[in-house]
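See below for the structure under consideration.
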Amino acid sequence: MAKKTVFVCSSCGHETLKWLGKCPMCQGWDTFREFSPASKADGKEPRRPVILTDEELADEERIATGIGEMDRVLGGGMTIGSAILLGGDPGIGKTTLCFEVAARLTELGLKVLYVSGEESLKQLASRKKRLGLAAGFAFLTTNHLDDILSAIGEERYALVIVDSVQAVYNPKLPMLPGSMGQVKDVSTRLTMEAKALDTSLIFIGHVTKEGVIAGPKVLEHMVDTVLYFEGDKMLPYRMLRTIKNRYGAVEEVGIFQMTGDGLVSVENPSRFFMSQRGDIGEGSSLFPCITGSRPIVLEVQAITQKTNFSMPRRLSLGYDVNRLFILISVIEKTVGKPFFDRDIYVNVTGGMKVNEPAIDLPVAASILSSHKEVALGRETAFFGEVGLTGEIRKTVNMDLRIRECQRIGIKRVFCPADGAHSEGIEIVTIGNLKELNKKIGKDR
């Protein structure tokens, strides 16, 4: 009996029973290669379903990395046997962060394997020396999947770091390294092997020019946690954001400061972001933002100046520009202040991107403050969602926001009327934008 073969696209991994000149999935030309699939009979005994009782269900075991912000975004530490995908722009600090995690776990007496498909041993040793990491952990420089599987099978490691998943390939597949088929096969086999051995796994992933992790979307579905390392390379701090987490909160943010000796956790991000706030002029307000389970106080700035163009400009950084268009229209209708002859620029300082609707009120306050040329004060914060009719709506975690404002010394908070009270801080309830407009500039 003739051996069955299939044709596989070397770019996207699409399979077909006959050769095609053009791939119907990725539209690539002359990308199909003949491939003999492996036999399904691998000699393993089939698994049987089991019934678990409540007594047999134990809480997941975690390993504390010793890096406070890393443990925070992971929900209290790395879950044993979990797979983590870490993505970020080139040069943002992904390898530096993984080096420090490996060194901390080694100091705790755990075995760590760092697999690099992009650097030599000499380069890795130089990087480790530059970071001042004295703890010794194992390195493996290879691009072959079988080498990694053999190393994991021979030695029991608590953590395996793969840098990067796009650089590792299976030579048995007729596809180029980094292609969708290779990334899918490599991540699947490594994840299954690591979970069988209760070994935690960190994949470092490349990102595309759009800012998403390169490779098939199934890669993010397969792992337990997806982390994005963000920040401007010209600024001294980085943000580690949780996009997916099966064992903790989503949208949790960890703040790191990049120093000459590596990354340092920022334990008080509110103070950190407000440390460079100088003399407060008009158009500046404070906003207690909720990131996962932690509040961070950010500064929202706005400028409303006379336009020199036939069409006024509307730009925003860190705030959705479409929401800005809506908010300006609501202010014009409810307050009666025209902005047809003014450019409006809004900025959330620190490079933070805020998606929650509670930022509407501080943006409106900053715009009105700039337009009226009235300072809001250093010790005043705002939060609340603005509806299309100008009403101020309730938001989640109001008590948590007020406590964070009180902790860092803010004296007055403008917020929706929901009965929130706190001793030691003045709560000013706002029902609509007309009330906000009347209160701005009063009791300065």
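The values are calculated or read from the model by the stated rules, or taken from the named source; none is laboratory data. Fair warning: this is a prediction, and the values are worked out from it, not measured in the lab. In this analysis, Cβ positions are derived from the backbone assuming ideal geometry, glycine residues included, and neighbour counts consider all displayed protein chains.
Within segment 254-276, being crowded, with 20+ Cβ neighbours inside 10 Å and in contact with a Ser or Thr (Cβ under 8 Å, 6 or more places away or on another chain) holds for Gly254, Ile255, Phe256, Leu263, Phe273.
Ala302 falls short on exactly one of the conditions (1) among the aliphatic types (A, V, I, L, M); (2) surrounded by fewer than 21 Cβ atoms within 10 Å (Cβ to Cβ); (3) more than 15 Å from the chain's Cα centre (by Cα), and that condition is (2). Cβ-Cβ distances below 7 Å connect the following pairs, each with a first residue in segment 61-74 that is modelled with pLDDT of 90 or more, a second residue that is crowded, with 24+ Cβ neighbours inside 10 Å and aromatic (Phe, Trp, Tyr), and a separation of six or more residues or different chains: Glu69/Phe256. With respect to the conditions (1) farther than 21 Å from Glu251 by Cβ; (2) modelled with pLDDT under 90; (3) hydrophobic (A, V, I, L, M, F, W, C), Met352 falls short on a single one, namely (1).
Residues are listed down the side, and each one gets a yes or a no for (1) surrounded by 15 or more Cβ atoms within 10 Å (Cβ to Cβ); (2) modelled with pLDDT of 95 or more; (3) farther than 20 Å from Ala194 by Cβ; (4) outside the structural domain of Gly81 (by TED's automatic domain parsing):
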{"residue": "Thr106", "(1), (2), (3), (4)": "yes, yes, no, no"}
{"residue": "Val112", "(1), (2), (3), (4)": "yes, yes, no, no"}
{"residue": "Ser116", "(1), (2), (3), (4)": "yes, yes, no, no"}
{"residue": "Ser126", "(1), (2), (3), (4)": "no, no, yes, no"}
{"residue": "Arg130", "(1), (2), (3), (4)": "no, no, yes, no"}
{"residue": "Thr141", "(1), (2), (3), (4)": "yes, yes, no, no"}
{"residue": "Glu155", "(1), (2), (3), (4)": "no, no, no, no"}
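Restricting attention to segment 191-234, the residues being on the phi > 0 side of the Ramachandran plot and surrounded by 15 or more Cβ atoms within 10 Å (Cβ to Cβ) number 2.
Among the residues making up segment 72-82, a single one is crowded, with 24+ Cβ neighbours inside 10 Å and part of a strand (DSSP E or B): Met78.
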